[in-house]
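A short worksheet on the structure shown next.
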Amino acid sequence: MKKNFKYEEAVEQLEQIVRKMENDELDIDSLTDELRKAQELIKLCKEKLTSTDAEIKKMLEKDKTEN
């Protein structure tokens, strides 16, 4: 899975997987593949959120020390 992704795109893909699961649209083989994909998307989203949080904290701390 690509590292240069948009968070919103990943969330949309996760929502699509959930919809398919809720509507029983996946056979057992597809379910396994989609769950693996969901795990990777969740991991990437967590990493994106963590890095964004760190960047924001860094900017706020810089702003705080400059004032």
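Any read-out appearing in this document is the output of simple, stated calculations on the displayed coordinates, not a laboratory observation. From a predicted model like this one, the values you see are computed outputs, not experimental measurements. Backbone-built Cβ (ideal geometry, glycine too); neighbour counts: all protein chains shown.
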| message | So if a site counts as exposed when it's one of the trypsin sites (Lys or Arg not before Pro), its DSSP state isn't H, G, I, E or B, and it has at most 10 other Cβ atoms within 10 Å, what's the longest stretch of the chain without one? | response | 7-67
| query | What is the magnitude of the charge dipole of the chain about its Cα centre, with +1 placed on the Cβ of each Lys and Arg, -1 on the Cβ of each Asp and Glu, and no other charges, expressed in debye to the nearest 20? | reply | 500 debye
| said: Whole percent per 5 Å bin, from 0 to the bin with the longest distance: what is P(r) over all C-alpha pairs of the chain? | reply: 3, 16, 20, 16, 12, 10, 8, 5, 4, 3, 2, 1
| message | Nearest 500 deg cm²/dmol is fine: what mean residue ellipticity at 222 nm does the chain get from its DSSP H runs of n ≥ 4 alone, each adding -39,500 (n - 2.57), divided by its residue count? | response | -29500 deg cm²/dmol
